[in-house]
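**Q** Just dropping this structure here.
No lab work stands behind these numbers, since they all come straight from the coordinates. Since this is a predicted model, take the numbers as computed values, not measurements. All Cβ positions, glycine included, derive from the backbone under ideal geometry; neighbour counts span all protein chains shown.
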């Protein structure tokens, strides 16, 4: 693909973790860093796209020059990300949405103030949260949706089967699938799947960004 393969396209990307509050000073989070989403934003901008990056909490630095190249909207909590996705996707202004954020699946009922420390036991009752990605297509049926699926201790064949079922459930055109134990600071092996099967297999975060944006450019709407 040419360097400007996404010229005049608007790309929405979510990245990083989401937090859910326990009380006014504590939260439940996850291990996501947002590095993949930032790499996707960099590559999409390099190809000429107008990029909006929804970036979750963490220590991932985004330089001032990068913030000048693409729009960064910071969020912290699940409810904030959900509201941002509903607003941005609901505008029907985007060609594609790459939902790489690691979204919380469960949340406790947050307690006002600070839960007293020193208790012999603290029990949190968690409730399931809505699936943000399943709300995307009803908001904009024409948006090209990319889902991300991380599994643990599964074979390649199981990963493909699980990912394809997940992609179909959310109405996504593409899904990126990988296995947790294969990831490291330098390695990011992943499969990119479409309805017709595996369209790319990569070993690094940079290669994933390039291959995924190639697949998006090939499927772009006029």
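**Q** Pairing the Cα long axis of helix 35-46 with the longest principal axis of the chain, what angle in degrees results, from 0 to 90 and rounded to the nearest 10?
**A** That works out to roughly 30 degrees.
**Q** Specify whether the C-alpha gyration tensor of segment 43-136 places it in the rounded, prolate or oblate class, a ≥ b ≥ c being the square roots of the eigenvalues: rounded for a/c under 1.5, otherwise prolate if a/b is larger than b/c and oblate if not.
**A** Numbers: a/c = 3.28, a/b = 1.88, b/c = 1.74.
Judged from the Cα gyration tensor, segment 43-136 comes out prolate (a/c at least 1.5, a/b above b/c).
**Q** Connecting C-alpha atoms closer than 10 Å in a GNM of the chain, tell me which of 76, 155, 33 has the biggest fluctuation.
**A** Comparing 76, 155, 33 in the GNM, the peak value goes to 155.
**Q** If contacts are Cα pairs under 8 angstrom and at least 6 residues apart, what is the relative contact order of segment 180-222 in percent? Before the final figure, lay out each step's value.
**A** On the way: 38 pairs, mean separation 12.2, N = 43.
In percent, rounded to a whole number, it is 28.
**Q** Right, another one. Run the helix sum for the chain: -39,500 (n - 2.57) per DSSP H stretch of 4+ residues, divided by residue count, reported at 222 nm to the nearest 500 deg cm²/dmol. Mind dumping the intermediate values first?
**A** Values: 6 runs with 64 residues, N = 222.
Using -39500 (n - 2.57) per qualifying helix, the result is -8500 deg cm²/dmol.
**Q** Restricting to Cα pairs below 8 Å that are 6+ residues apart, what does the relative contact order work out to for the chain? Please round to a whole percent.
**A** Working: 428 pairs, mean separation 42.7, N = 222.
The value is 19 percent.
**Q** By the gyration tensor of its Cα atoms, with a ≥ b ≥ c the square roots of the eigenvalues, what is the shape of segment 141-222: rounded for a/c under 1.5, prolate for a/b over b/c, or oblate? Working shown, then result.
**A** On the way: a/c = 2.24, a/b = 1.32, b/c = 1.70.
It comes out oblate by the Cα gyration axes.
**Q** For segment 1-80, calculate the relative contact order in percent as a whole number, restricting contacts to Cα pairs under 8 Å that are 6 or more residues apart. Spell out each step's value before the answer.
**A** Values: 145 pairs, mean separation 29.2, N = 80.
Once normalised by length, the contact order is 37 percent.
**Q** Output the 0 to 90 degree angle, nearest 10, between the alpha-carbon long axis of helix 156-170 and the longest principal axis computed from the alpha carbons of the chain.
**A** On a 0 to 90 degree scale, this one is about 90.
**Q** Among 117, 104, 170, which one moves the most in a GNM of the chain with springs linking Cα atoms closer than 10 Å?
**A** Looking only at 117, 104, 170, the biggest GNM fluctuation is shown by 117.
**Q** Under 10 Å, Cα contacts only: if you run a Gaussian network model on the chain, which one of 211, 190, 165 comes out with the highest mean-square fluctuation?
**A** 165
**Q** For 131, 137, which order do you get if you count the other beta carbons within 10 Å of each Cβ and list the fewest first? Numbers along the way, then the final one.
**A** Working: 131 13, 137 16.
In increasing order of surrounding Cβ atoms, one gets 131, 137.
**Q** Nearest 10 degrees, 0 to 90: what angle lies between the long axis of helix 205-218 and the longest principal axis of the chain (Cα atoms)?
**A** Long axis of 205-218 versus the principal axis of the chain: about 60 degrees.
**Q** In whole Å, what is the distance between the alpha-carbon centres of segment 65-135 and segment 156-193?
**A** 21 Å
**Q** Moving on to the next point. Which of these values of Rg and Dmax of the Cα atoms in Å was calculated from the structure shown: (1) 17.9, 61; (2) 23.9, 72; (3) 16.8, 52?
**A** (1)
**Q** Would you please classify the overall shape of segment 72-202 from the alpha carbon gyration tensor, given that a ≥ b ≥ c denote the square roots of the eigenvalues, rounded means a/c under 1.5, and beyond that prolate means a/b larger than b/c while oblate covers the rest?
**A** Values: a/c = 2.26, a/b = 1.35, b/c = 1.67.
Oblate.
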